[in-house]
Amino acid sequence: MKTSPFLTTGLEAVKTAEKIIVEYFQNPSLAVSQKEDGSPVTIADNKAEETIRSVNSTAFPTHGYLGEE
């Protein structure tokens, strides 16, 4: 069975982001800031989203992307 290029790229993106998140996991010095809506965000969140966006944009340059962070 052939795998969808969207699924393949999505899995690549989250596996790459996972490596970033694990670097920061349970780090007591990890700074938490507040987004405009008052919800928490960390550098790990931002870097993970940037990575996911980069992988997706490279594979599908004409597609838009809506992120949480």
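Around residue 19, what is the net charge, scoring Lys/Arg as +1 and Asp/Glu as -1 over all other residues with Cβ under 12 Å from its Cβ? Value of the local net charge: -1.
Computed about the Cα centre, the dipole magnitude for the chain is approximately 320 debye when only Lys and Arg (+1) and Asp and Glu (-1) carry charge, each at its Cβ. Helix 5-24 and the long axis of the chain differ in direction by around 20°, with both axes built from C-alpha atoms.
Helical runs assigned H by DSSP (4 residues or longer) give the chain a calculated mean residue ellipticity at 222 nm of -18000 deg cm²/dmol, each run adding -39500 (n - 2.57) before division by the residue total.
Place +1 on the Cβ of every Lys and Arg and -1 on the Cβ of every Asp and Glu in the chain, take the dipole about the Cα centre, and give the residue among 40, 29, 6 whose Cα lies farthest towards its positive end. Positive-most Cα among the choices belongs to 6.
Surface exposure of the chain, expressed per residue as accessible area with a 1.4 Å probe, stands at 78 Å². The apolar share of the surface of the chain, taken as the fraction of accessible area on carbon and sulfur atoms (1.4 Å probe, ligands and nucleic acids excluded), comes to 57 percent. Angle of helix 43-59 to the longest C-alpha principal axis of the chain, folded into 0 to 90 degrees and rounded to 10: 10°.
Take the chain, drop everything but the C-alpha atoms, weight them equally and run the Debye formula without solvent; then report log10 I(q)/I(0) at 0.12, 0.15 Å⁻¹ to two decimals. Log10 I(q)/I(0), no solvent term: -0.38, -0.57. Net charge near residue 31: determine it from the other residues with C-beta under 15 Å of the C-beta of residue 31, scoring Lys and Arg +1 and Asp and Glu -1. After counting each charged neighbour, the total is -1.
The values are calculated or read from the model by the stated rules, or taken from the named source; none is laboratory data. Here the structure is a predicted model, which means the values were calculated and not measured. Glycine also receives a Cβ, built like all others from the backbone with ideal geometry; neighbour counts cover every protein chain displayed. Remember, those area values only see protein heavy atoms, side chains included, never the ligands or the DNA or RNA. Shrake-Rupley method; radii C 1.70, N 1.55, O 1.52, S 1.80 Å.
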